[in-house]
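Data block below; observations after.
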């Protein structure tokens, strides 16, 4: 997001726990969101605070539950408390996830659809959404939550680390078959990272984005379709394998977004095609 905002000509200060920034050209300060004193050292005299810090994962959250709560939940609370104490007027921008939804086969999920947390990470996000609402109601701290389904692509550093698509690419680029649990029929909303950034930036310019949750729009694809595009471009096959019991217990089903609220603020929703992106990626190899 910082890279995209800088392309728009906006001033950006980045912050992370790492001793050095990913991009040395961007102003940077080291801080630990899980440490209240560290957060209190930050200057919140800004327009927006993008809270993109956090730990992610499925089963790993059960093993590292303390880390997930401290970084993902206490981290946001430290930011909100410093926001209060500093008198900041910044709006909090918070990315949430498809994993907060109870999936529904063949149905589009609106922001008000039934929620379900099957992992500590999903519960972290639901808790953080609730914290933002609480602090807005009591202290007037403005926020916007953007729920993201499946991101893909990268415009910086050439790495493709996003979960689902990153896993497909890692295997395809090493000429290994792609493996899908079940029959691959589960569906997701796939969105290129630049489209995610664009939707966020444009929505934030609109007054109707204050203190609401917005689904980020994208393409409705099955996991089999998404894998097949990559497999055909790489010349490898797609294999289906039985669901491991634990993975199946954590599966949320189809999560396809109804992004009509976002579309009302930002048109068009996307300028990137997943199929075209895959073809372009492998044509460069």
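The values are calculated or read from the model by the stated rules, or taken from the named source; none is laboratory data. Just so it is clear, the model here is predicted, and its values are computed rather than measured. Note: ideal-geometry Cβ built from the backbone for every residue, glycine included; neighbour counts use all protein chains shown.
So, in the range 266-280, how many residues would count as being crowded, with 19+ Cβ neighbours inside 10 Å and assigned to a helix (DSSP H, G or I)? Qualifying residue count for the region: 2. Number of residues in the range 2-18 that are outside any helix (DSSP H, G or I) and modelled with pLDDT under 90 equals 0. Take the residues in the range 171-185 that are under 13 Å from residue 226 (Cβ atoms) and without any contact (Cβ under 8 Å) to a residue 60 or more places away in the chain, then tell me which one is surrounded by the fewest Cβ atoms within 10 Å (Cβ to Cβ). Going through the qualifying residues, I end up with 185. Checking each residue in the range 106-117 for being out of contact with any strand residue (DSSP E or B) (no Cβ under 8 Å at 6 or more places or on another chain) and surrounded by fewer than 16 Cβ atoms within 10 Å (Cβ to Cβ) picks out 106, 112.
For the range 199-228, a tally of residues being in contact with a strand residue (DSSP E or B) (Cβ under 9 Å, 6 or more places away or on another chain) and part of a helix (DSSP H, G or I) returns 11. Of the residues making up the range 249-256, at least one is at pLDDT below 95, outside any loop (DSSP other than H, G, I, E, B) and loosely packed, with under 14 Cβ neighbours inside 10 Å. Residues satisfying the criterion are present in the range 19-35 (criterion: out of contact with any helix residue (DSSP H, G or I) (no Cβ under 7 Å at 6 or more places or on another chain), touching a residue at least 24 places away in the same chain (Cβ under 8 Å) and under 14 Å from residue 79 (Cα atoms)).
Listed here are the residues, each with its yes/no results for (1) modelled with pLDDT of 95 or more; (2) more than 20 Å from the chain's Cα centre (by Cα); (3) more than 22 Å from residue 255 (Cβ to Cβ); (4) surrounded by fewer than 17 Cβ atoms within 10 Å (Cβ to Cβ).
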{"site": "39", "(1), (2), (3), (4)": "yes, yes, yes, no"}
{"site": "47", "(1), (2), (3), (4)": "yes, yes, yes, yes"}
{"site": "57", "(1), (2), (3), (4)": "no, no, no, yes"}
{"site": "63", "(1), (2), (3), (4)": "yes, yes, yes, yes"}
{"site": "85", "(1), (2), (3), (4)": "yes, yes, yes, yes"}
{"site": "92", "(1), (2), (3), (4)": "yes, no, yes, no"}
{"site": "95", "(1), (2), (3), (4)": "yes, no, no, no"}
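Per the listing 239, 210, 246, the residue uniquely more than 18 Å from residue 173 (Cβ to Cβ), exposed (fewer than 14 other Cβ atoms within 10 Å of the Cβ) and more than 22 Å from the chain's Cα centre (by Cα) is 246.
Determine which member of the set 146, 168 is in contact with a strand residue (DSSP E or B) (Cβ under 9 Å, 6 or more places away or on another chain) and either outside any helix (DSSP H, G or I) or without any contact (Cβ under 8 Å) to a residue 40 or more places away in the chain (or both). Explain how you work it out, then say what you get.
On the way: 168 fails: either outside any helix (DSSP H, G or I) or without any contact (Cβ under 8 Å) to a residue 40 or more places away in the chain (or both).
Exactly one residue qualifies, and that residue is 146.
Here the range 74-106 is the region considered, the condition is being in a loop (DSSP other than H, G, I, E, B) and touching a residue at least 60 places away in the same chain (Cβ under 8 Å), and the residue that is nearest to residue 128 (Cα to Cα) is 102.
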